[in-house]
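A short worksheet on the structure shown next.
The values are calculated or read from the model by the stated rules, or taken from the named source; none is laboratory data. These figures come from a predicted structure and were not determined experimentally. Using ideal geometry, Cβ is built from the backbone for each residue, glycine included, and neighbour counts are taken over all protein chains shown. Surface accessibility is based on the protein's heavy atoms, side chains included, excluding ligands, DNA and RNA. Shrake-Rupley method; radii C 1.70, N 1.55, O 1.52, S 1.80 Å.
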Amino acid sequence: MSFDVGDDTLVRALREHNPWWDDGATAIGPTLPARRRSDYYHLARPDSAGSQFEDQSVLGLAGRFGVGKTTLLRQFIYDRLTDGDAPERFCYLPFDADPLYQLQSDDQLQQAIRYYESRVLGRLDDPNPHFLLLDDVHRVDHPTKRSIEGWGTAVAETLESVPGRHVVVTASAGGQLERELDRVGVAADDYDVQPILPEKFRDYLFTLYPSLEDTDRRVSPTPIRRGASSLPAALDGGDPAALVETIRDQHDRVSDVTRRIQSQVVHYLAMGGILSYAQEGAIEDASDLDDAAYDRLLGDVRHALYREVPAFESVKTIADLERVCALAARNQATESVRYQRLVELFDVDRRTIRDSYLSALAELYLLTATTEYDNARPRSVRLYLRDTGLVTAFTDGEPTSALRDRDVEANLARIAAFDHTMRFAYGVNAANGNDVEPTVEYWESRHGTVDFVFEVNDTPVPVALAYQPPVDDKRAALDAFLETYETPIGFLVTGDTVGDNTTIQQIGDGIIQLPYWLYLLLC
């Protein structure tokens, strides 16, 4: 009996993966979560004409396994179908759905595109715009198999031959997408890569309480990012008064439910942005997670490391990356770790630690290492896992400690605040035309630590976190930073046990105090 696997497996399954061709939006609607995360509104722009999917020829979405890339794609298709777009305009190809799709993948991809063009798209009199959505293309990236063309070849050819086409590609890391698109000569202006990260606190909160998304109640970061009363305007003018009023206005939208919002912070910290999003329904209490939730989360990370890291030629010992994550989870960014200590622990040189281990983890959006601000030769580094659920997964494996131990909660709050500050830094700069990779550092003084420092138009913005009392050292550290760098604005973010945590105050000449929960919402 002969055994043969053809190179048409993907083509044969196309209608299975694109059920809307036959049954419209009803084929996909029941499979989608009711929730929409903030990434979706940014990408799909459902209340405006067009979308970020159409702003360029190729849009890349990069994020680790389980973060929700596929769900975003399917939500985009569903909403466009319900708005009246023809089902034939959308072709979805999932390369991780079946390992057989990855055999002779260049031929399979070309065949799938030809079938779609001739048998599906050809039914429309006016097919433009239309979308080719290639999910998990890193699974068909075969750099060691010279006889197989990478997915970028088919993308470049189809863009050149078919006008009005938009291609969306997803992968675990932005570099995987950029390298392949650069290899085939797709111009930098013709593609964009957006990271998809674990859901933010605002996404989790709006899922629990949808009424908080109503127009007159929704806390919006937009007025903080741009406009006459924004952070950039305050930095330019040197007067925080208008910015303070903007923050107060956002606070007043939800002032009657602040206690309810505060009560959910610890549950978000315990679950993180993957577990809180992956559940079938919104979970109000982290203790309601099933017993295996953190084990699955940890398994997904190991799965990603061993599947994706081999593509990073500089990483030789993949298990060390998991050990770095475990070390970061134990340390919880409570203190800096000397590079020399990492060298001793992992028995590699400093360059390998910095340029291989930490770089690979950052590219996979698992961990970000940060150094001291304005220090050209840092000797230490702080290690932040980008999801607080991972901290729990690597340590306790259950939410009990976070829910009962104030010190554990405070450490998780610092980690979540770092992640949100990274997003804040990107959002503020992008809103003002500076589409740069966000960088958040820390700063040490004799008074204490300024936890986070980022820049807007080359002006540093310090953020000090006083999640628990006392607060005096943090304020003194902020004062020292403002004086040292002559910057006009600094933020003092306080937890709900520090003073009056329901008001926004201007302290001194440039420090703005605001509650932790509101800071997360504004990021």
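For the range 17-74, the dipole from Cβ point charges (+1 on Lys and Arg, -1 on Asp and Glu) about the Cα centre works out to 360 debye, to the nearest 20. Separation of the range 453-505 and the range 201-244 by C-alpha centroid, Å? Comparing the Cα centres of the range 453-505 and the range 201-244, I get a distance of 18 Å.
How much accessible area per residue does the chain have, in Å², with a 1.4 Å probe?
It amounts to 42 Å² per residue over the chain.
As a rough guide to protection, the peptides 384-394, 189-199 ranked by mean Cβ packing within 10 Å, highest first, stand as 384-394, 189-199. Using just its DSSP H runs of length 4 or more, each adding -39500 (n - 2.57), the chain gives a mean residue ellipticity at 222 nm of -12500 deg cm²/dmol after division by all residues.
Heavy-atom surface analysis with a 1.4 Å probe gives the chain a carbon and sulfur content of 43 percent of its accessible area. Comparing Val436, Ala13, Ala477 along the charge dipole axis of the chain, the residue lying farthest to the positive side is Ala477, per the Cβ-charge model. Projecting the Cα atoms of Thr31, Ile353, Ala97 onto the charge dipole of the chain (Cβ charges, centred on the Cα centre) puts Ile353 farthest toward the positive pole. Relative protection proxy for 368-374, 460-466, 491-497, from highest mean packing down: 460-466, 491-497, 368-374 (other beta-carbon atoms within 10 angstrom). Once the Cα atoms are used to define both axes, helix 258-278 deviates from the longest principal axis of the chain by about 40 degrees. Rounded to two decimals, the Cα-based Rg/Rh of the chain, with Kirkwood Rh, is 0.98. Stokes-Einstein, applied to the Kirkwood radius of the range 177-221 over Cα pairs at a viscosity of 1.306 mPa s and 10 °C, places its translational diffusion at 116 µm² s⁻¹.
Quick check: from the Cα gyration tensor, does the range 168-270 come out rounded (a/c under 1.5), prolate or oblate? Since a/c reaches 1.5 but b/c is at least a/b, the shape of the range 168-270 is classed as oblate. The charge dipole of the chain, taken about the Cα centre with unit charges on the Cβ atoms of Lys, Arg (+1) and Asp, Glu (-1), comes to about 660 debye, rounded to the nearest 20.
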